Each structure stands twice: as C-alpha cells, then as structure tokens.
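Let me begin by presenting the structure, written as structure tokens, before commenting on it.
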Amino acid sequence: MTDKIPTVIVDPEDYKIILQKLNDIEEKIEFTNSEIHQRYGKKLGRDIGILYGICASLMIVVVYLLLLLSPALSNPLLIDAVKKALGL
C-alpha cells in the first residue's frame, strides 16, 4: 500500500459556487421549517384561546346566576321545592 494521503484539486470558483448553492438550499429548508412551526403555534394559540374563552364565559355565567338567584335562595319555600326535586 502507499502511504500517500489522497488529495483532490478543485477550482476555487467551483467550490464557492457549490457552497453558495448549499447555503441557498439550507436557507430554504430553514424558512420552510420556520413556517411549519409558526402555523403549528398559531393553531395551538387558537385552541388555548378558545379554552380560555370558554372558562371565562362559564365563570361569568356562574357569577351572574349566583347574583340573580341569591335573593331567591333565602326563600324557604324554594329551598324545600329544590330538596323535594332532588330527593333529599
């Protein structure tokens, strides 16, 4: 066997052109990946926003019903009717 290290001679201009093409390809891949992640983030944000909206609206409805029904809850006839309806 020979003890020589294989060498390749490349024209520097060709090498620069190939590196530029590789950089362009890498830039396109990064842009595509960032667009995919951005769309996923938008979907996730929308879903979380919907859940927060549902929770907030349920809390508002419960507070409204508590304020609306608070005078009626002190009526003993209503309390007895609710107990009979629930079987208590």
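Looking across ALA56, ALA85, one residue alone is assigned to a helix (DSSP H, G or I), open to solvent by less than 100 Å² (accessible area, probe 1.4 Å) and modelled with pLDDT of 90 or more. It is ALA56.
The criterion of being among the acidic types (Asp, Glu) and either surrounded by 10 or more Cβ atoms within 10 Å (Cβ to Cβ) or under 23 Å from the mean Cα position of the chain (by Cα) (or both) does not hold for GLU13.
With the structure loaded, tell me whether PRO71 is without any contact (Cβ under 8 Å) to a residue 12 or more places away in the chain and either in contact with a helix residue (DSSP H, G or I) (Cβ under 7 Å, 6 or more places away or on another chain) or not in a helix (DSSP H, G or I) (or both) or whether it fails that test.
The answer is no for PRO71.
The values are calculated or read from the model by the stated rules, or taken from the named source; none is laboratory data. Predicted model only: the values in this text are computed from it and were never measured. Backbone-built Cβ (ideal geometry, glycine too); neighbour counts: all protein chains shown. These area figures cover heavy atoms from the full protein model, side chains too; ligands, DNA and RNA do not enter into them. Shrake-Rupley method; radii C 1.70, N 1.55, O 1.52, S 1.80 Å.
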